[in-house]
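Every number in this text was worked out from the coordinates using simple rules, so none of it is lab data. A quick note: this is a predicted structure, and the numbers were derived from the prediction, not measured. Glycine gets a Cβ as well: all are built from the backbone with ideal geometry, and neighbour counts include every protein chain shown.
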Amino acid sequence: MSALLDVVAAVFVTVGVAFFTVGTIGLIRLPDRRSRLHALTKADNLGLGLVVLGLAVISGSVASALLMVAVWILALGASATTAALLASDRAEDR
């Protein structure tokens, strides 16, 4: 059973890293700031969630899994707030 959990965790972490990679490519290749922010925040939020899910599967501790989920939730809030501030019209004036 442990080998199966290791494989599931590896799949989650690998897919999460793939989302990070796609978000980074979107950051580099998309034309305007709002498109880049959209690609980056969506891909990074999902990527981090999948990495956290994979690590929570193999952590073996409910407390550490809950701590990782709390960090992910804080990252979601920070990412949304930062993207909204950067994409606002007032940010273009700076």
> How compact and how long is the chain, expressed as Rg and Dmax of its alpha-carbon atoms in Å?
Replying inline: 15.9, 57
> For the chain, with only Lys/Arg (+1) and Asp/Glu (-1) charged at the beta-carbon, what is the dipole magnitude about the Cα centre, in debye rounded to 20?
Replying inline: 180 debye
>> What value in Å³ per residue do you get for the convex hull of the alpha-carbon atoms in the range 6-51?
In response: 37 Å³
>> Need one number: nm distance between label points at SER88 and VAL71, each 7 Å from Cα along Cα→Cβ, rounded to one decimal.
In response: 2.9 nm
